[in-house]
Number of protein chains: 2
Amino acid sequence: MSGDGDDAGALLDQPGSGEIELVKVLHALGDPTRLHLLRIYASGEQCDCSSERLGLGHLHKSTVSHHMRIMREAGITSTRVVGRNRYVQLRRADLDARFPGLLDALLKSLEV
Amino acid sequence: MSGDGDDAGALLDQPGSGEIELVKVLHALGDPTRLHLLRIYASGEQCDCSSERLGLGHLHKSTVSHHMRIMREAGITSTRVVGRNRYVQLRRADLDARFPGLLDALLKSLEV
DNA sequence: CAAACTGTTTGACATCCATCAAACACTCTC
DNA sequence: GAGAGTGTTTGATGGATGTCAAACAGTTTG
């Protein structure tokens, strides 16, 4: 059923847009797997955590969950719980507001 | 004396401008001390490693040397040996060429 | 309700990392 | 050349990290 009123799913805990710390963002992205995830989410994907589109088939599901948490707690992504799935999304507006130009520069750098 | 012909000092080993890897740069900057160093060097300083202007008096000199190496091997800084001093400098042009806009965005984000 | 599904949590483990301390290498100065 | 100065290298150590595996929790379906 639909639960207790949230028709779009509940949002997992995450830092407020003004609380995102640069050093945590950089630390989170200083890992190949999470940098790969940034690329995926930036392409507009909003897929669940076990999607094949993530390209993480070589990692255990608990490891993927671990990376998801790091990115969410750093303020890079937001996670919405819908049913038994988690939909992860890039916090593009929040990141742009806090660190103008950074995300765009990072995404452009990823293409190199 | 002047040594063997290098009047500006020898350059320590560093990756070529085309070999700088984004994930290594982000990993290097995902640390409070090194992010602090980035801010110092970006201000145009080109001081030796034990300068009080680095604001690292609380760290052992070998620890500072360790951070210097991480940043140099990531391609963020270049180190020139002059006499018994090491002059460290931000590789602004190389970083801009490889990752356009990234350094500016990072420095602007540091002001927040 | 039972079974399947999705993802988290906990534990274990090997590795990496930031830090300090001591020894070393190199350079400058006396 | 002896001593001082600057920074690196090596070793040690405690803490963080990435990974897997197993157990668990919530949800959907039969």
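Using only Cα atoms, tell me the angle between helix B:32-42 and the longest principal axis of chain B; keep it within 0 to 90° and round to the nearest 10. Roughly 70 degrees, rounded to the nearest 10. Given Cβ point charges of +1 (Lys, Arg) and -1 (Asp, Glu) and nothing else, what value in debye, to the nearest 20, does the dipole of chain B about its Cα centre take? That gives chain B a dipole magnitude of about 300 debye. Amide hydrogen proximity for A:Thr77: with H placed 1.01 Å from N in the peptide plane, the residues at 5 or more positions away or on another chain lying under 5 Å are A:Arg72, A:Arg91.
Dipole of the protein assembly as shown (Lys/Arg Cβ +1, Asp/Glu Cβ -1, origin at the Cα centre): which of A:Thr63, B:Leu35, A:Ala105 lies farthest to the positive side? Toward the positive end, the furthest listed residue is A:Thr63. Taking all Cα pairs closer than 8 Å and separated by 6 or more residues, the relative contact order of chain A comes to 36 percent.
By a 1.4 Å probe calculation restricted to protein chains, A:Arg72 has an accessible surface near 30 Å², given to the nearest 10. Pairs exceeding a 27 Å alpha-carbon distance, out of A:Lys61/B:Lys108; A:Lys108/B:Lys24; A:Lys24/B:Lys61; A:Lys108/B:Lys61: A:Lys61/B:Lys108; A:Lys108/B:Lys61. Compactness of chain B was expressed as the Cα radius of gyration divided by 2.2 N^0.38 Å, which yields 1.06. For segment A:76-83, 3J(HN,Hα) computed residue by residue from phi via the Karplus equation (6.51, -1.76, 1.60; θ = phi - 60°) reads 7, 10, 10, 10, 10, 8, 10, x Hz, glycine and proline entered as x. Please express the Cα-Cα pair-distance distribution P(r) of the protein assembly as shown as a list of whole percents, one per 10 Å bin, running from 0 to the bin with the greatest distance. Binned Cα distances yield the sequence 7, 30, 29, 19, 9, 4, 1, 0, 0.
If you run the Gaussian network model on chain A, springs between alpha carbon atoms under 10 Å, then out of A:Ala74, A:Ala28, A:Ala97 the most flexible one is A:Ala97.
Annotation for B:Cys49, label-to-label distances across the other copies: 4.2 nm (shortest first, one decimal, point 7 Å from Cα along Cα→Cβ).
Label-point spacing at A:Arg69 relative to the other copies reads 3.3 nm, in ascending order, each point sitting 7 Å out from Cα along Cα→Cβ.
Dimensions of segment A:44-88 along the principal axes, based on C-alpha atoms and rounded to the nearest Å, stand at 25, 21, 21, largest first.
Taking a Cβ cut-off of under 12 Å around B:Leu26, the surrounding Lys, Arg, Asp and Glu residues balance to a net charge of +1, with basic ones at +1 and acidic ones at -1.
When the helix-only estimate is applied to chain B (DSSP H runs of n ≥ 4, each -39,500 (n - 2.57), divided by the residue count), what is the mean residue ellipticity at 222 nm, nearest 500 deg cm²/dmol? Working shown, then result.
Numbers: 5 runs with 49 residues, N = 112.
Roughly -12500 deg cm²/dmol at 222 nm, from the helical runs in chain B.
The values are calculated or read from the model by the stated rules, or taken from the named source; none is laboratory data. From a predicted model like this one, the values you see are computed outputs, not experimental measurements. Note that each Cβ is placed from the backbone with ideal geometry, even for glycine, and that neighbours are counted across all protein chains shown. Each accessible area value is taken on the protein alone, full model and side chains, heavy atoms only, with ligands, DNA and RNA left out. Shrake-Rupley method; radii C 1.70, N 1.55, O 1.52, S 1.80 Å.
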